[in-house]
Structure formats: C-alpha cells, structure tokens
Ligand code: HXC
C-alpha cells in the first residue's frame, strides 16, 4: 500500500539503509493515527527486507515531530482510548529487530520526543529541541516519555521536563545522554545514513542479538541483564558468523557474513 504521510527509500552506497522521512509538513509531522500506521507498516516491511541492515527515521529540518496529533485527540473519551487501544501500534518501533537510528532536526516534542527515545540511537542537528510539553495541554506523556526519559537522564531532568514542558537543546540532550552526537542541521541525516551503513556491514544475525541484549538493560535488573547477556554471548558460539569473524581476524581478512 502506498503511504501518504511518510516517504521511504533505500539509502547509502550499497542501498542497505532504510530511510524513512516523516512527511506531514503542514502539521509539523504531528503523529496522527494514519502517520503512525504507515510508519509501523513501513518499519515492518524494512525489518523483513534482507537487503536492509539498519533503518533511519527522520523528519524535516523544522520538525522531527511536534507530538501526537492534538486535534485528533480532542474528541477522544476514556472508554474509546481504553477499548480502542489508543497508541497501541506505536510500540512497533520498539519491536523492530534491526537497529533504528533517529536523525532529529527541529522540534521533537511530546510523542515526537518519545518516538525518538524508542529508537536505538539518536543523532541530532544543532537546532533540535526535545521536550515533553503534554502538561501544557492537560495530559501527560503516554508513549514512554516519563519512563524512558527517567531511565536515560534520571529523575531531576525528567521531572523538570515533564512538569514544566521546558524544552532542552540538542547540546543539553547530548550532555544528558539522550543523543549520542550533534551535527550541523543539514548534515545529520547523512551522518545517520553513514552510521546505518556501518551497522549494515556487520552480521545481521549478531547485530540483532547485540541490539536485543542492550535493550534488556532498560527492561530488567542488573543481575538478570548480566545473565541474559552471558547467555546471548554463549549463543553467538552457535553461529557460523562467530566462527567466521574470529577466523577472518586471524587470517587478516574481511569476514564474510552469512547470518547463520
Ligand atoms: C496537531 C500540530 C501539532 C500537534 C503543531 N501542529 N503541533 N497539530 N498536533 N502536536 C500544527 C499547528 O496547529 C499548526 O497548524 C502547524 O502545525 C504549525 O504549528 P504552529 O504552532 O503554527 O508553529 P510554531 O508557532 O512554529 O510553533 C511550533 C510548536 C507548536 C512550538 C511546535 O506547534 C506547538 O507547541 N505544538 C504542540 C506541541 C505539543 O504540545 N506536543 C505534544 C502533543 S501531546 P495550523 O493548521 O494551525 O496552521 C503528545 C501526547 C503524547 O504528544 C502521548 C503519546 C503519544
């Protein structure tokens, strides 16, 4: 099915990076139901596409996304949010097995900030702004803002952002650990694609294991996480790619991955 609110293509010199551009410019990429359905459909397709090794999600230079669609939410009542599973398909972003990089320019507010936080790596343009302004419209974060932010940046900054709606800059987001690198705004997408290309050079099988195990750190206790990590590490020894990687090192050549 064609998508109307997102653009997608394959990027990188080997066309092995899936590039998704949120494209609802008039509403600053407000994340309405249709946009999120199209996003999860496209993520699903890219996750299944063997030629793609990593995915980049971006918006425009003005806005990554200015949040969930406020106008769409006005008529909602509790029973239909509950029974209708409001925001249920947002979780797709966290279920993708391939690494997902957010390339954030401009506003990443409310659900937009939460969407970026669901990604595995965030690169930001120097004019990017992150915020959880839901308090200003009589609601609270609903797609992980209070939880993911608290785990990444701790209580004080999370409270400040969630209780005041104050936005933070790209540099503040980097200092707080939300963002791994900041670039000039016009370079962030290319840098994210380059990062995706580097990730896509690795064994897709081992990459998926690495992603899964890092994500466990956000879901469980340290001792359980360490056990999962150790078992996952052991399980790399059940793969051909582990043997190939170590053999290639000793033979001073580039490994040839088979995802087996
Ligand atoms: C619907 C939105 C929108 C949103 C912007 N627009 N954000 N429409 N939902 N979240 C629309 C505006 O209505 C306007 O359309 C157009 O985009 C341009 O926005 P302006 O406000 O004119 O632009 P500007 O003055 O530059 O201000 C930019 C802004 C502001 C600071 C980003 O738009 C803003 O505060 N937006 C709302 C941010 C927010 O509260 N986000 C959290 C949403 S709640 P028209 O047609 O009027 O020109 C949320 C809940 C998450 O995310 C829960 C889980 C998902």
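Does at least one position in the stretch 81-94 carry a residue that is near the ligand (Cβ under 8 Å from one of its atoms), over 22 Å from residue 197 (Cβ atoms) and modelled with pLDDT of 95 or more? Working first, answer last.
If we filter the stretch 81-94 for residues that are near the ligand (Cβ under 8 Å from one of its atoms), which is where we start, we get 87, 90.
Keeping just the survivors that are over 22 Å from residue 197 (Cβ atoms) gives 87, 90.
Applying the additional criterion that residues be modelled with pLDDT of 95 or more yields none.
Checked against the condition, which is being near the ligand (Cβ under 8 Å from one of its atoms), over 22 Å from residue 197 (Cβ atoms) and modelled with pLDDT of 95 or more, the stretch 81-94 yields no hits at all.
Of all helices (runs of 4 or more DSSP H) completely enclosed by the stretch 97-168, which ones contain at least 2 residues that are away from the ligand (no atom under 12 Å from the Cβ)?
On the way: elements: 111-118, 145-153, 155-164.
Those helices (runs of 4 or more DSSP H) span 145-153, 155-164.
Can you tell me how many residues in the stretch 89-142 are closer than 17 Å to residue 28 by Cβ, surrounded by 21 or more Cβ atoms within 10 Å (Cβ to Cβ) and touching a helix residue (DSSP H, G or I) at 6+ places or on another chain (Cβ under 7 Å)?
So the answer is 16.
Give, as residue ranges, the helices (runs of 4 or more DSSP H) completely inside the stretch 11-89 that count at least 1 residues that are touching a residue at least 40 places away in the same chain (Cβ under 8 Å).
Working: elements: 33-48, 70-73, 78-83.
It comes to 33-48, 70-73.
So which residues in the stretch 1-33 are more than 19 Å from the chain's Cα centre (by Cα) and either crowded, with 19+ Cβ neighbours inside 10 Å or over 14 Å from residue 63 (Cβ atoms) (or both)?
Within the stretch 1-33, 1, 2, 3, 4, 13, 14, 15 qualify.
Regarding the stretch 40-56, can at least one residue be identified that is over 22 Å from residue 195 (Cβ atoms), within 12 Å of the ligand (Cβ to nearest atom), assigned by TED's automatic domain parsing to the domain that holds residue 148 and at pLDDT 95 or above?
Within the stretch 40-56, not a single residue is over 22 Å from residue 195 (Cβ atoms), within 12 Å of the ligand (Cβ to nearest atom), assigned by TED's automatic domain parsing to the domain that holds residue 148 and at pLDDT 95 or above.
With 224, 172 as the choices, which residue is closer than 19 Å to residue 124 by Cβ, without any contact (Cβ under 8 Å) to a residue 60 or more places away in the chain and in a helix (DSSP H, G or I)?
Working: 224 fails: closer than 19 Å to residue 124 by Cβ.
Every option except 172 fails the conditions.
The values are calculated or read from the model by the stated rules, or taken from the named source; none is laboratory data. As the structure is a computational prediction, the values presented were derived from the model and not from experiment. So basically every Cβ, Gly included, is an ideal-geometry build from the backbone, and we count neighbours across all protein chains shown.
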